[in-house]
1. Taking the conditions exactly as written (surrounded by fewer than 12 Cβ atoms within 10 Å (Cβ to Cβ) and in a helix (DSSP H, G or I)), does E386 satisfy them or not?
2. Only one residue in S222, S226 is closer than 30 Å to K298 by Cα and at pLDDT below 90, so which one is that?
3. Kindly provide the set of residues from segment 313-347 that are basic (K, R), in contact (Cβ under 8 Å) with a residue 24 or more places away in the chain and assigned to a helix (DSSP H, G or I), ordered by number.
4. Are any of the residues in segment 365-374 outside any helix (DSSP H, G or I), closer than 23 Å to K322 by Cβ, among the polar types (S, T, N, Q) and open to solvent by 40 Å² or more (accessible area, probe 1.4 Å)?
5. Only one of A137, A85 is surrounded by fewer than 16 Cβ atoms within 10 Å (Cβ to Cβ), small (G, A, S) and under 30 Å from R365 (Cα atoms); which?
6. Exactly one of (1) of a type outside the set (S, T, N, Q); (2) over 21 Å from I45 (Cα atoms); (3) touching a residue at least 40 places away in the same chain (Cβ under 8 Å) is unmet by D394. Its number?
7. Which of (1) open to solvent by 50 Å² or more (accessible area, probe 1.4 Å); (2) over 27 Å from S227 (Cβ atoms); (3) touching a residue at least 12 places away in the same chain (Cβ under 8 Å) does S310 not meet, given it meets every other one?
8. From the list V247, V257, pick out the single residue that is part of a loop (DSSP other than H, G, I, E, B), among the β-branched types (V, I, T), more than 22 Å from T359 (Cβ to Cβ) and modelled with pLDDT of 90 or more.
Amino acid sequence: MTTLFGNLRRIPVQYPLAFGVGVSTAKTSASDLLVQVVVEKREKIDWKRNLAFASFGCFYLGGVQYAIYVPFFGRLFPNAASFAAKPLSKKLQDVKGQMALFAQVFLDQCVHHPLMYFPAFYMTKEFVTSHGNPDFAKALDTYRQNMKEDLLALWKVWVPATMVNFAFMPMWARIPTVAATSAIWTCILSAMRGGDVIHSDDMAGGAVSGASFQLMKEGMESLFSSSVDTDPSLAHICVSAAGPDKVGWVSLLANAVAGEEGNITHSKMIRLGHEFIILMHVAVPPEKARTLISHLNKNEDLKPLNIRTSFLTKRQTGKFQKPMTGLRIHCVGKDRPGMLAAVAKKVSDENLSVENITTEIRMDRVKNRLFVINCDCTTTKKLSKEELDSLFEDFNVLKQELQFDVVDVRVHME
């Protein structure tokens with residue numbers, strides 16, 4: 001047993017590169033699996049994502065980092081090995097050794113990681129998950145957006161860990177030490193950037209990032225609730241308006257509705273160029289409905305808005321089937337023609353009925369135009385797990401085809 005243990009201990013010394021590659025590959029893959037199973041509680045492992053992490057661990061963490069930390073740093077700082085071997089009391093007296101230590105940490109954390117490590121990670125992930133059509137420019141653009149957050153998270157873990165590694169570990173042990181620390185860091189990176197490389201605040205709700213799928217325990221009413229159907233005792237009016245933009249339009253219209261006991265529920269009000277556009281649902285006691293409409297049409301202050309009204313009626317019982325499954329779909333990607341058309345076609349092809357859909361343009365941190373789609377849709381069929389898995393895979397393919405940064409699908413079951 002002692003001989004076997006001694007032989008095992010000699011492996012990292014005799015074969016430092018092979019040992020580092022093996023440990024880094026296994027560790028990186030295992031860390032991502034841990035996050036998927038324990039943190040994200042996935043029922044189905046994303047093996048492409050895991051392959052991306054394993055590939056990065058093998059080629060970069062095991063291979064490239066070995067070349068940087070051992071041969072390169074060994075030549076650049078020839079006394080690094082002897083400084084690491086000294087007892088702590090001698091280290092405290094070795095000013096040149098301390099300066100070399102800080103120089104190594106600076107080069108590693110402020111040059112190597114920002115300029116090599118993270119670009120390699122984002123490009124490796126893009127290469128493995130892109131279905132044979134990687135967009136490395138997009139991957140690097142995403143890294144530029146995430147850089148501040150990524151580096152701050154990195155430094156919290158790696159600055160103290162690198163200080164210990166370079167100060168106390170022999171050269172052959174640098175990669176195994178990095179691998180041990182990296183087990184924690186990879187869990188952090190997997191949780192931050194595993195599903196995709198986009199900020200969580202770019203999502204509806206800000207809870208799930210990337211190409212993701214969640215089965216929600218809430219019922220259908222938490223997805224979309226129309227008061228036209230749920231408040232049969234009230235009259236329901238659709239109010240639309242468009243006119244020259246002016247400060248105070250919303251206040252004037254809202255007060256006019258409230259003055260006749262109207263209650264605004266769903267609404268969308270937006271300035272588009274010189275025009276201000278309004279669409280709203282108003283619930284009102286039936287005896288007040290005609291008075292409200294007349295007041296809106298005759299109000300001189302509201303004349304420039306060209307207000308139009310129409311009555312809304314509840315769907316008749318027996319003329320429609322009750323929805324059993326609902327999807328909340330959230331997509332974000334660089335703006336280009338045809339994005340909504342493609343998503344709408346996919347929704348139609350899946351025989352889903354749109355309940356609510358909104359789109360908008362946002363500007364990201366590097367002034368790229370992002371197109372955002374939020375779509376609530378339903379089906380009268382209660383989908384099985386196999387059908388849900390197939391549907392999610394279809395949307396994941398759509399994400400790759402349209403090069404969306406985010407496709408988030410949340411399923412609500414009755």
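1. Values: surrounded by fewer than 12 Cβ atoms within 10 Å (Cβ to Cβ): yes; in a helix (DSSP H, G or I): yes.
Answer is yes for this residue.
2. Details: S222 fails: closer than 30 Å to K298 by Cα.
Exactly one residue qualifies, and that residue is S226.
3. Filtering segment 313-347 for residues basic (K, R) gives 314-315, 319, 322, 328, 334, 336, 345-346.
Filter once more, keeping what is in contact (Cβ under 8 Å) with a residue 24 or more places away in the chain: 314-315, 322, 328, 334, 336, 346.
Selection gives K346 alone.
4. Kept after step one, since they are outside any helix (DSSP H, G or I), are these residues of segment 365-374: 365-374.
Checking which are closer than 23 Å to K322 by Cβ leaves us with none.
Within segment 365-374, none of the residues are outside any helix (DSSP H, G or I), closer than 23 Å to K322 by Cβ, among the polar types (S, T, N, Q) and open to solvent by 40 Å² or more (accessible area, probe 1.4 Å).
5. Details: A85 fails: under 30 Å from R365 (Cα atoms).
On inspection, the qualifying residue turns out to be A137.
6. (2)
7. Just one mismatch for S310, condition (2).
8. Values: V257 fails: part of a loop (DSSP other than H, G, I, E, B).
Selected residue: V247, the only one of V247, V257 that is part of a loop (DSSP other than H, G, I, E, B), among the β-branched types (V, I, T), more than 22 Å from T359 (Cβ to Cβ) and modelled with pLDDT of 90 or more.
The values are calculated or read from the model by the stated rules, or taken from the named source; none is laboratory data. Since we're looking at a predicted model, the values are computed, not measured. When we count neighbours, we look across all protein chains shown, and the Cβ atoms used for this are built from the backbone with ideal geometry, even at glycine. Only protein heavy atoms, including side chains, enter the accessible area calculation; ligands, DNA and RNA are left aside. Shrake-Rupley method; radii C 1.70, N 1.55, O 1.52, S 1.80 Å.
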